[in-house]
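Here the structure comes first, spelled out in structure tokens, and everything after it is commentary.
Please treat every number below as a calculation from the coordinates, not as lab data. Owing to the predicted nature of the structure, the values given are computational and were not obtained by experimental measurement. We place every Cβ from the backbone using ideal geometry, glycine too, and count neighbours over all the protein chains shown.
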Amino acid sequence: MKAVAIKKYGDESAIEIANLPKVKIKSNEILVEVYSAGLNPIDVKIRKGEMKPLLNFKFPLVLGTDFSGKVVEVGAQIKKFKIGDEVYGSFSTSSMGAFAEFVAVSEADLSLKPKNLSFEEAASIPLVGLTVYQALKDFAKIKAGQKVFIQAGSGGIGTFAIQFAKAFGVEVATTTSEKNLEWVQKLGADHVINYNKEKYNEVIKNYDVFLNSVDGEPIERGLDILKPGGHLLSVVGPPDKKFAKQAKLNFFFQIIMGLIGWKINRLSKNKGVYYNFVFVTPSGHQLSEIRTIIEDGKINPVIDKVFPIDQAKEAMAYIAQGRTKGKVVLKIK
């Protein structure tokens, strides 16, 4: 089968279109023929080797976490899915493998895809959808009437998070560049801040939740806008001891993560705010709940560009620029 793989860490030149043996499923797995696959910044980090301290991969490594397609085979223990079902799902970043013509998936990580979405649109959802769901619902437990600040409203996480929060009756503020101000407002944002002209922590106050997805930005600024009891959530770190325990890392890594996250945890505690590093985990159940929200018309996927699988290098280079307007997708079939 055709797959996008790397044999070593490196830049885009490390990416190759490989011909690998077709995957075989176990009795508790489902074989999905992949139609489309979504790209995410984590794919770039893994390709570069930036996740080596946390994730141990074997080569050749097939990249990608997000996929959509059709069920072509089911294991003997499978009860929820049948051949021909149109599905979408996400692998854990510790396993990867979505950029291939076929994938073997655990039943627990899979969901029927939203009926009103194309395969390209469905493939753009899983990782950002699960990240936002787990951040805003599991950690922050958002409810109607609260106020949420979402950084980088025009990005892959931002475009989904704005619509997700509005679906729960939450007031939303976000940042973007001047050219995207009106467009982000149309997604549902109540307050849009031009980051080239204003600093968000000088403009808004007394928010319940801060969702950070911007690498390299001092997360401490988020404390300025939160009320006591608020939630400071970050998908880009720093990781901390709580995360290390949840990820079942060994004692050595728990100590290291504790040191890395010590400062932000201390500052958060002094402000009376809860800090969490959000490291997403697969969940077919949560994708099913997201599917319902999408089918109700409350969330519309935002796709920046679709690349054919043979242009995987160009797609990875494009997303590495960090300027996408929504998501980037690979068309596999």
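Structure notes:
- Counted over the chain, the DSSP beta bridges are approximately 55% antiparallel.
- Cα-centred dipole magnitude for the chain, charges only on beta-carbon of K, R (+1) and D, E (-1), debye, nearest 20: 780
- Sum of side-chain charges, E101 neighbourhood, beta-carbon under 10 Å (Lys, Arg +1; Asp, Glu -1): +2
- Summing Cβ point charges (Lys, Arg +1; Asp, Glu -1) relative to the Cα centre of region 249-333 gives a dipole of roughly 360 debye.
- All alpha carbon pair distances within region 80-161 were sorted into 5 Å bins beginning at 0; the resulting P(r) in whole percents reads 3, 12, 19, 23, 19, 13, 7, 3, 1.
- Listed residue pairs exceeding 18 Å between alpha carbons, taken from K186/K298; K197/K327; K52/K242: K197/K327; K52/K242
- Considering all C-alpha pairs of region 128-277, those separated by over 26 Å amount to 22%.
- Centre-to-centre, using Cα atoms only, region 155-233 and region 20-50 are separated by 31 Å.
- Cut-off under 5 Å, modelled amide H: who pairs with F67 long-range: G38, G89
- Between the listed residues G237, N270, F253, the Cα displaced farthest toward the positive end of the dipole of region 235-276, a dipole computed from Cβ unit charges relative to the Cα centre, is found at N270.
- Distance from the alpha carbon centroid of region 57-127 to that of region 302-333 works out to 18 angstrom.
- FRET efficiency for S27 and E289, using Cβ-Cβ distance with R0 set to 30 Å, rounded to 0.05: 0.65
- Spin-label pair D138/K197, simplified geometry with 7 Å Cα→Cβ offset, distance in nm: 3.9
- Computed [θ] at 222 nm, deg cm²/dmol, the chain (DSSP H ≥ 4; -39,500 (n - 2.57); rounded to nearest 500): -7500 deg cm²/dmol
- Here the simple spin-label model places points 7 Å from the Cα toward Cβ, and for Q77 and K269 these points are separated by 4.2 nm.
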